[in-house]
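Peer 1: Can you read through this structure? Questions will come right after.
Taken together, the values in this text are just the output of simple stated rules run on the coordinates, not laboratory data. In this text the structure is predicted, and so the values were computed from the model without any measurement. As a convention, Cβ positions derive from the backbone with ideal geometry for all residues, glycine included, and neighbour counts pool all protein chains shown.
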Ligand code: MLT
């Protein structure tokens, strides 16, 4: 197990809440939710290996960053931050893919779980092959082909048409080192199917999805919620995949309510 030291930030006081960003973002994705949650909890945001202030050196390509490695990095980061109490793990999309191995490998550290706009199933063979092709393209050309291909899927059609400031904010969040993008793409492509795990999850769970999420659909996320005992399901009207940006206040409200009651 190779661990990497992750950059992180803590704010607020109380029970610990760990916010884990999606791909290819970094901890600033959670700015609005971290501010709201810090009124009620100790909020920890971290940059996963390769991203944000945990950035790989320019030109460094580790090959693959697996979801298990991300989960182990986060557990080590909690040690470094002196967080001993079990956390509420809030995972957005790839952050949710990391939540599953975190549950598997670090169960005592987990007090509650919020899965935002994420999936339990593995990639299809075509999806995995597409990621391999994209990883090679990004290594050769930089993040632009990924960003151009992904943005239309991240945002609801109405956001794309009418909210240019959100489009630009999300585009800016996607500027990550080539090696980090390629390694995370390969890691997501090889992640296992976590569906069999859902029935084993034994912590309070919240499942949140944007009404127009084109990556992790409301139907799929409702299925995840039904497979987890006692899970609460919340659908945010008007948002696509990027609930952190398209419906920031509504997402914050759902998370604050969950964290203060879980
Ligand atoms: C994310 O938001 O983390 C990505 O959409 C996940 C993915 O590419 O599967």
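Peer 1: In terms of the Cα gyration tensor, with a ≥ b ≥ c the square roots of its eigenvalues, is region 93-209 rounded because a/c is under 1.5, prolate because a/b exceeds b/c, or oblate? Could you put the intermediate results ahead of the total?
Peer 2: Details: a/c = 2.17, a/b = 1.43, b/c = 1.52.
The shape class here is oblate.
Peer 1: So, one more: If one computes the Cα centroid of region 159-226 and of region 88-134, what distance in Å separates the two points?
Peer 2: 8 Å
Peer 1: Additional query: Expressed as a whole percent, how much of the Cα-Cα distance distribution for region 10-55 exceeds 15 Å?
Peer 2: On the way: 385 of 1035 pairs.
Here the long-distance tail beyond 15 Å is 37 percent of all Cα pairs in region 10-55.
Peer 1: Based on DSSP, what percent of beta bridges with both residues in the chain are antiparallel, to the nearest 5?
Peer 2: 15 percent
Peer 1: Still on this structure, please answer the following. So how much slack lies between residue 80 and residue 253, counting 0.36 nm per residue of separation and subtracting their Cα-Cα distance, in nm? Each step should come with its number before you reach the end.
Peer 2: Values: separation 173, 0.36 × 173 = 62.28 nm, distance 2.92 nm.
Full extension from residue 80 to residue 253 adds 59.4 nm.
Peer 1: Return the calculated 222 nm mean residue ellipticity for the chain, to the nearest 500 deg cm²/dmol, obtained by summing -39500 (n - 2.57) across DSSP H runs with n ≥ 4 and dividing by the residue count.
Peer 2: Working: 12 runs with 121 residues, N = 262.
Result for the chain: -13500 deg cm²/dmol, rounded to the nearest 500.
Peer 1: Give the calculated FRET efficiency between residue 136 and residue 158 to the nearest 0.05, with a Förster radius of 45 Å applied to their Cβ-Cβ distance. Can you show the working numbers first?
Peer 2: Details: r = 34 Å, r/R0 = 0.75.
So the FRET efficiency works out to roughly 0.85.
Peer 1: Assign one of three labels to region 41-112, namely rounded, prolate or oblate, based on the Cα gyration tensor with a ≥ b ≥ c the square roots of its eigenvalues; rounded applies when a/c is under 1.5, prolate when it is not and a/b is larger than b/c, and oblate otherwise.
Peer 2: Working: a/c = 2.04, a/b = 1.58, b/c = 1.29.
Prolate is the answer for region 41-112, as a/c is 1.5 or above and a/b outweighs b/c.
Peer 1: Turning to a different aspect of this structure: For region 74-221, what does the relative contact order come out to in percent, with C-alpha contacts under 8 Å and a separation of six or more? Before the final figure, lay out the partial values.
Peer 2: Details: 192 pairs, mean separation 47.1, N = 148.
Reported as a whole number, the value is 32 percent.
Peer 1: Order 180-189, 150-159 from most to least packed using the mean count of other Cβ atoms within 10 Å. Intermediate results must be reported in sequence, preceding the final value.
Peer 2: On the way: 180-189: 24.9, 150-159: 17.7.
For the peptides 180-189, 150-159, the packing ranking is 180-189, 150-159.
Peer 1: The chain: D in µm²/s via Stokes-Einstein (Kirkwood Rh, Cα pairs, 20 °C, 1.002 mPa s)? List each step's numbers first, then the result.
Peer 2: Numbers: Rh = 18.1 Å.
D = 119 µm²/s.
Peer 1: Let me ask you something else. Ranked highest first by the average count of other Cβ atoms within 10 Å around their residues, in what order do 235-248, 136-149 fall? Mind showing how you got there, number by number?
Peer 2: Numbers: 235-248: 22.6, 136-149: 15.5.
Top to bottom by mean Cβ count within 10 Å: 235-248, 136-149.
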